[in-house]
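J.: Handing you a structure now.
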Amino acid sequence: MIRLTFLGSALALLLGLLSVMPAHAAETVTPRLFTPKRTGDCYWFRDQRTVGNSTLVTQSGAIVNSEKAVFESVFEANATVISNNAQGKATQERFDVVTFTVSKDGGPAQEILPPGTRFTGKLKLGKKVFTDADGQPLPESITVYLDQIIALRDNAITDDDIFGPGHPVSVGDSWPVNANLAAEDFNFDLTLLTNAKNLQGTVTLVDTDTLKDVPSVHLLTEMQLTKVKLPEEKGLRLIKGDLTFRSETWMPQTGPAYPVRQQTSLKLVLIGDPVEQNRFTPKRMMATSTIDATIESKPLPRDESVMELDRTLGIRR
């Protein structure tokens, strides 16, 4: 039988040893969420997502119409930056398709563009425009998916500005999302209208680990937006608009800031009344949209021929 006095002596000895051991400060890192893109930069990415849309229309409390659709897409391509703004955000990119398929409501995957197809996406008056190798616009049946997948922005707000801590942090540390800049970025293309006072969010450094042989920082981002609004031309007078966002991201600790992997979930619920309707039979609509996406990417060797074209035209970037 072990005597309690022995246990007490052993504990005292252990505490004594710990007190003389040198203390090690927790390792700190500064997450990098953005690096400026340059003309000629190339990267590979794969976007796999499921998008769900449902609409419920009621009249006097009774359901008069309901619709639901689920789309699953896989888009894999090699991208080349053709032009960028002063902040280093891509405003025009060229894409060489590896895979592009879409399935609807659980049906078989249909090829949207065959492997090897080359097309360009660019911003024109703030809107994304997609054209084929001959400069002809791609059909809307294709661009409706590309609009969601491909990010082209011409503002000065970066992910570092919105989600970065701005200082070294340790594993387990959390910090707030910059609500003012996040709301401004949401409002930039008028897809949603938000107010910073109705936006809350945090970012947490979950771990520093290696993913796909790339030393990475593992971040968890969570945001909630209330009182979201839509532009008036959308034809809906909103009563309630809520958005929730969650993202787990593994960003490389060195090199260009392309996410090694990013898993994102978004849910938007809008409840409102049609702007134009019969006042004797008023209707109410609830629309719900969800997105679950996994994105993987990595930098590729630069395409210097794009730079050579710029030099020929006398363009400096």
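J.: Computing the accessible area with a 1.4 Å probe over protein heavy atoms, can you report the carbon and sulfur percentage for the chain?
T.: Reported share for carbon and sulfur atoms: 55 percent.
J.: Within region 43-143, count lysine pairs with alpha carbon atoms under 16 angstrom apart where the residues are 8 or more positions apart or belong to different chains.
T.: Within region 43-143, the lysine pair count is 5.
J.: Seen from all sides and averaged, what is the projected area of the convex hull of the Cα atoms in the chain, in nm²?
T.: Spelled out: convex hull of the Cα atoms, projected over all directions, averaged, 26.6 nm².
J.: Taking N as the number of residues in region 156-258, what is its alpha-carbon radius of gyration divided by 2.2 N^0.38 Å? If you can, show how the numbers build up before the last one.
T.: Working: Rg = 15.9 Å, N = 103, 2.2 N^0.38 = 12.8 Å.
Dividing the Cα radius of gyration by 2.2 N^0.38 Å gives 1.24.
J.: In Å², what does the accessible area per residue of region 99-156 work out to with a 1.4 Å probe?
T.: On a per-residue basis, region 99-156 sits at 60 Å².
J.: Further question: Just tell me which lysines come within less than 17 Å, Cα to Cα, of LYS197; anything on the same chain fewer than 8 places away is out.
T.: LYS227, LYS229, LYS240
J.: If you filter region 261-305 for GluC sites (Glu not before Pro), then keep DSSP loop positions with at most 16 other Cβ within 10 Å, what is left?
T.: GLU276
J.: Return one quarter of the surface area of the convex hull spanned by the alpha-carbon atoms of region 231-295, equal to its mean projected area, in nm². Could you put the intermediate results ahead of the total?
T.: Values: hull surface 23.8 nm².
The directionally averaged projection comes out at 5.9 nm².
J.: Right, next: If you add up the charges near GLY126, with Lys and Arg at +1 and Asp and Glu at -1, over every other residue whose beta carbon is less than 12 angstrom from its beta carbon, what do you get?
T.: Computed value for this residue: +3.
J.: Follow-up question, since we're still on this one. Tell me, what is the per residue accessible area of region 195-272 in Å², probe radius 1.4 Å?
T.: I get 51 Å² per residue for region 195-272.
J.: Further question: Apply the Kirkwood formula to region 167-208: the hydrodynamic radius equals the inverse of the mean of 1/r over all pairs of different alpha-carbon atoms; give it in Å with one decimal.
T.: Averaging 1/r across every pair of different Cα atoms and inverting gives 11.6 Å.
The values are calculated or read from the model by the stated rules, or taken from the named source; none is laboratory data. Since the model is a prediction, treat every value here as computed from it, not as a measurement. Cβ atoms come from the backbone with ideal geometry, glycine included; neighbour counts cover every protein chain shown. The protein model used for the area step is the full one, side chains on, heavy atoms only, and it has no ligands, DNA or RNA in it. Shrake-Rupley method; radii C 1.70, N 1.55, O 1.52, S 1.80 Å.
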